[in-house]
Amino acid sequence: MEKLRRTILLIGLVLGITATAHAELPDDYRIILQTENFPPFSISPANKRFARGDDIQGIGADTVRDLFERAGIAYSMTLRSPWSRIYGDTLKSPNHGLFSVVRSEQNRTLFKWVGPLAHYESVLLSAADNQLRLNSLEQAKAYRIGVYRNGALNAYLESQGLNVDSALNEQDNVQRLLKGDIELWATAEPAWRYYTKQLGVTGLKTALTFHTAELYLALHKDTPDEVVGRLQQAMNEIIAEGYSGCSKTPEFCYLIRNRAIPSGS
């Protein structure tokens, strides 16, 4: 009888652990996802500053759709700006998520994270008639550098002690570079190519390539661990499969190459 009682208790314990590990979410549970125009990771039709649902394209958006569908979690997706607004929404509002976000020492504890989705390299660009070439960021301290305001790159350059002059959007940085108001433009490769193409600008030169950064899905810090775990498991499956997320744009598969499954996930 004692053996039977212990067996029943053990079965109950196992079932309880399983139920906890696979807790059911409310039927109406949904994550409100936001992103901004950041090609080729998130792209709106005609590079507009607002888009919804399937109108949002890009390797980041496609990857996020895939991982939510695999995880069986409902979501909505909106592209809008400015970045400071949608960042603040995710910081303050439960059931909100934001992609593509660089995880840094400054924001690491502010959100829960799923990823990595992709990566990019930062570059310093000069105007076509400027033959400036640099070997390090230390050399860049002598120049006025334009950067996107409130972005991760802005914060990184300031942390390195560089002379940054931020703008509300990247298109403004292109114009300021051409006018000579800034001497270098700090931006992401290959995102800058979309902005210059949109403006009909050619001939910009890469003065320095530096600082590779990974992009993540950031979730409000009160997001249930069950949700984060299911999403990360789906992300791990995507990473293990290789190039899922760039099938529509194989020329950008290098941006998700060498993604690693986070330790402990």
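The values are calculated or read from the model by the stated rules, or taken from the named source; none is laboratory data. Remember, it's a predicted structure, so these values are computed and weren't measured experimentally. Please note: Cβ atoms are built from the backbone with ideal geometry, for glycine as well, and neighbour counts cover all protein chains shown.
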Check: Mind checking whether some residue in the range 173-182 is under 21 Å from GLN106 (Cα atoms) and touching a residue at least 24 places away in the same chain (Cβ under 8 Å)?
Finding: no
Next item on the list: Could you please let me know if LYS205 is modelled with pLDDT of 95 or more and in the same structural domain as ASP66 (by TED's automatic domain parsing)?
Entry: no
Next item on the list: For the range 29-49, indicate whether the set of residues that are among the polar types (S, T, N, Q), within 25 Å of TYR254 (Cβ to Cβ), out of contact with any Ser or Thr (no Cβ under 7 Å at 6 or more places or on another chain) and modelled with pLDDT under 85 is non-empty.
Entry: yes
Margin query: Consider the range 217-265. How many of its residues are out of contact with any helix residue (DSSP H, G or I) (no Cβ under 8 Å at 6 or more places or on another chain), surrounded by 13 or more Cβ atoms within 10 Å (Cβ to Cβ) and closer than 16 Å to ASP62 by Cα?
Written below: 5
Note to self: I'm told ALA140 meets every condition in (1) surrounded by fewer than 17 Cβ atoms within 10 Å (Cβ to Cβ); (2) modelled with pLDDT of 95 or more except one. Can you identify the failing condition by its number?
What the structure shows: (1)
Next item on the list: Give the residues of the range 203-250 that are part of a strand (DSSP E or B), within 20 Å of PHE38 (Cβ to Cβ) and either under 18 Å from the mean Cα position of the chain (by Cα) or not β-branched (Val, Ile, Thr) (or both), sorted by residue number.
Entry: PHE210, HIS211, THR212, ALA213, GLU214, LEU215, TYR216, LEU217, ALA218, LEU219
Note to self: I'd like the full set of residues that are among the polar types (S, T, N, Q) and at pLDDT below 95, limited to the range 73-99.
What the structure shows: SER81, SER84
Notebook entry, point to check: Taking the range 213-230 only, how many residues are more than 14 Å from LEU110 (Cβ to Cβ) and in contact with a Phe, Trp or Tyr (Cβ under 7 Å, 6 or more places away or on another chain)?
Noted result: 2
